[in-house]
1. Six or more apart or on different chains, Cβ under 6 Å: which pairs go from a residue in segment A:156-181 that's assigned to a loop (DSSP other than H, G, I, E, B) to one that's modelled with pLDDT of 95 or more and aromatic (Phe, Trp, Tyr)? Could you list them?
2. Of the numbered conditions (1) over 15 Å from A:Thr49 (Cα atoms); (2) open to solvent by less than 50 Å² (accessible area, probe 1.4 Å); (3) assigned to a strand (DSSP E or B), A:Val148 satisfies every one except a single condition; which is it?
3. Out of all the residues in segment A:62-108, which are over 28 Å from B:Gln64 (Cα atoms) and hydroxyl-bearing (Ser, Thr, Tyr)?
4. Got a sec? Which of B:Ala95, B:Ala121, B:Ala55, B:Ala67 is open to solvent by 20 Å² or more (accessible area, probe 1.4 Å), small (Gly, Ala, Ser) and in contact with a strand residue (DSSP E or B) (Cβ under 6 Å, 6 or more places away or on another chain)?
5. Can you find a residue that is assigned to a loop (DSSP other than H, G, I, E, B), in contact with a Phe, Trp or Tyr (Cβ under 7 Å, 6 or more places away or on another chain) and within 14 Å of another protein chain (Cβ to nearest Cβ) anywhere in segment B:29-50?
6. For segment B:318-373, which residues satisfy the criterion of being part of a loop (DSSP other than H, G, I, E, B), at the interface with chain A (Cβ under 7 Å from one of its Cβ atoms) and open to solvent by less than 40 Å² (accessible area, probe 1.4 Å)?
7. Quick one: which of B:Met139, B:Met158 is of a type in the set (A, V, I, L, M) and out of contact with any helix residue (DSSP H, G or I) (no Cβ under 8 Å at 6 or more places or on another chain)?
8. Hey, among A:Val138, A:Val99, which residue is of a type in the set (Val, Ile, Thr) and at pLDDT below 95?
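The values are calculated or read from the model by the stated rules, or taken from the named source; none is laboratory data. Bear in mind the structure is a predicted one, so any value in this text is a computation, not a measurement. Cβ sites come from the backbone with ideal geometry, for glycine too, and all protein chains shown count toward neighbours. Side chains included, ligands, DNA and RNA excluded: accessible areas come from the protein's heavy atoms. Shrake-Rupley method; radii C 1.70, N 1.55, O 1.52, S 1.80 Å.
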Amino acid sequence: MSDESNAPAVMTFEVLKAAVRDGAAARLGRLALAGRKTVIDTPNYFANTSRGTVPHVTPDNISKHLQTGGAYMALEDFIEKPQQYSTRRPPIYDTPTPVPPAKALHNFTAMPPSVITILGARRLPAVPSPMGNSNKSVSVFTSTGFQVLATDEYQAAVQALKPDIAVPLADLTNHTMTPTSKRALRMAERTDDWIKAWFAEQDAVNAEANPTTRVSTFAPVLPINYSIQWEYLERLAEDHFHSLSGLAVYDPDVLPDIASGYPDLLKLPQLSLAAPVTPHHVLRQITLGIDVFVLPFINAVSDSGVALTFSFPPPPSQSTTNPNNEKTGTPGILPLGIDMSSTAHQTDLSPLVDSCTCYTCTSHHRAFIQHLLSAREMLGWTLLQIHNHAVMANFFAGIRQSLSSSSTTTDEEDNEFTKACAAFHTLYEPELPAGMGERPRARGYHFKSEGGKEKSGEKGGKRNKPAWTKFDDEKVTATGQQSSQPPN
Amino acid sequence: MWAAKRMASTMSASSAALTFELVAKCSTTRARASILTLPHGPVNLPMFMPVATQASLKGLTPEQLEATGCRLCLNNTYHLGLKPGQEVLDAVGGAHKLQGWNHNLLTDSGGFQMVSLLKLATITEEGVRFLSPHDGSPMLLTPEHSMSLQNSIGSDIMMQLDDVLVTTSPDAVRMREAMERSVRWLDRCIAAHKNPDRQNLFCIIQGGLDLDMRRECCREMVARDTPGIAIGGLSGGEAKDDFCKVVATCTELLPELKPRYVMGIGYPEDLVVSVALGADMFDCVWPTRTARFGNAVTKFGVLNIRREKYAADFGPIEEGCGCPCCRPAGEEGMMGITRAFVHHNAAKETVAAHLLTLHNVWYQLDLMRQAREAIIADRYPAFVRQFFEQLYPDRQSYPSWATTALRGVGIDLMDP
């Protein structure tokens, strides 16, 4: 519940303890948002959303069963233009805000007041656009297709929606391929132009605004070499430092250079939008100085029917054996999660993780989750989401605990947190297990199908099995498994 | 086995695993309010039972379902027999334990799905013969097998295997055969039922739309003294007038101190009219299925929230509704969901389906709660009038089957 009397008037971030060494390194911090009572101890994570919801989790369950302090939302999830109503104004802009603090994004999405909202233009991860960006706009992907989003339109949206934190537009390719140096230079120049315009307006708006509806700006750090974007970073450090509330980092490997070039920027909270794919990657980014993460992999893992099982610091290695790994002859290596769709769990009445205190583990058991996944009941994904978010929340709590008890005087090698990280990398498998569970239907805004691959089933082809096929006696006998899913 | 007590204040009757207590009777219609105490606790009748087909109520956690006030929901024997299967159910210790549901469960016999979902199901005296959906091999569902499955599930109320025929079938000979066979199968079910001390077996009245055949079936079934009685074979496309006649004919003959369950009924009008005709329990997949198509059930009718007119409608799903979706955020556990938000995510994110499912289940349960209060206060006719006034723009739009059926039990909706 937000309680304005206890809420700070401006966003504050304090570094409680910079572990190990100065510069870009793991650290403990505390983030307090303007107008919200929620205090976020860092390192921590924010939930990723799809169309304003944490997938499969209704808002009442978010308040009751998720520990997340924030939710990342993408403007492209709210501004589609349906073909028959292509001129309509996106309804979200007309959200009434009868109760202060007047935050339209919160009201529209029914996000509990205890959860802060972070608005960016694109989903995480973003579908690359074939059109590319221009000097005055970026290309975004809505549920009705690609659309142009002008820079001033984005800023107007931020003003209308009043997220707690906004990430200004960055000129990104959203491609796994590294951009050419010419493209990288243009990325830096455009983003620099856009940030100037952003603050010109934002500073004026914030000067007028009621502190409780002030939007905090987390400026993007681009996923390109420091040497190409230093001028942009210099502008942030020198011209806009006092209007900046944090950095939205698309590549944490730039942070060591920022530490030497513009150390003041690291006084700000560092939000990773680099979408680490495993907890190992999360730990690495923490050691580079990231404070808060948005983690798309949690939902991907739940959708694949996997329950996360790791903890930090890791359990002592001698007491652990991994039955799944006997064949590779490397005892002691633990999986990061369990594929709950496996029939091995069919009659297993134990919780997903023995010591876990989440709703799923205290009220249900493996046999039920296995049944739900096998029957493709939506509740399976809901219960996995609740558990997997609990595992992540505990993972970050363990990291904070370890950081706070780490000595800052000893050598980096002897530091408790460093040793726990090393033990984690040794004990756990490098990759998350691939769940064999059938995933929820992928929707048009989740991916872009690519021509020519429709039939082949390779990446980019059809993502969903056809829900219905022609009734055919021979087929029924041949593929009996398919028809064992009658409607209710 | 069946002991009826008639006391000055209340009337109640119990069998080994069930107590039925009649709390109030409407002085005009046949509506009744009662308390049915089952192995997993008491439930208030009349009531609607939502359907958790595969041991899950379509995305709702058992905790959310419990919060709607639901204390008795359905599982389908046919589905649980396929997944997770009888062996797993035995190993886990039944369906309550499987789904973490500490309240009551009712299971059907499995026969209805065999007939409705499977091609080439043939019915013989032995049982229902069909092709396995797993491997196409011939299989047989007998009354004994159905009891065995439902004993493994451990449901608080089990249904007999019956010979179901579409009520509109013109074949009177086949209809009589089905009715008589259902009676014989009940005897086999009673003989095969292993846990009569902790699971209740209900009989099912058959006989199509032939009222005499229904009366005959009632007499046969009642003589077998099951703890509860269902009226089956309806909601299969028959005219609503015929449906009402069958329900009214059966309730007239059924013993007062046993619960009466009309199977497969779920539209709000059907519930309100059936209660007036003296029925107590109902189930239907419609409220939860229609939620997944983006439809909200409200006291003003069914709204398809996917329609464009709701895109910027920032009102609650139903004005004045007390469900966790519709009540304003800020109250404990309440979400303040708008139609615009449901529209935004309908058919896109599962959350929209979950929210409408929650609302629709709440609506159905609350409708029966209100009906019960009205019966206890002896103002059920006024409740029925108000219900139809809210649902339809004017009296001319009232469905004639409803006005006719209600007139038969003393309510004239056209009275000034």
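1. A:Val167/A:Phe218; A:Pro168/A:Trp198; A:Leu169/A:Tyr154; A:Leu169/A:Trp194
2. Single failed check for A:Val148: (2).
3. Result: A:Tyr85, A:Ser86, A:Thr87, A:Tyr93.
4. The match here is B:Ala121.
5. no
6. Listed by number, the residues that qualify are B:Pro324, B:Met335, B:Gly336, B:Ile337, B:Glu349.
7. The unique qualifying residue is B:Met139.
8. Going through A:Val138, A:Val99 in turn, the sole match is A:Val99.
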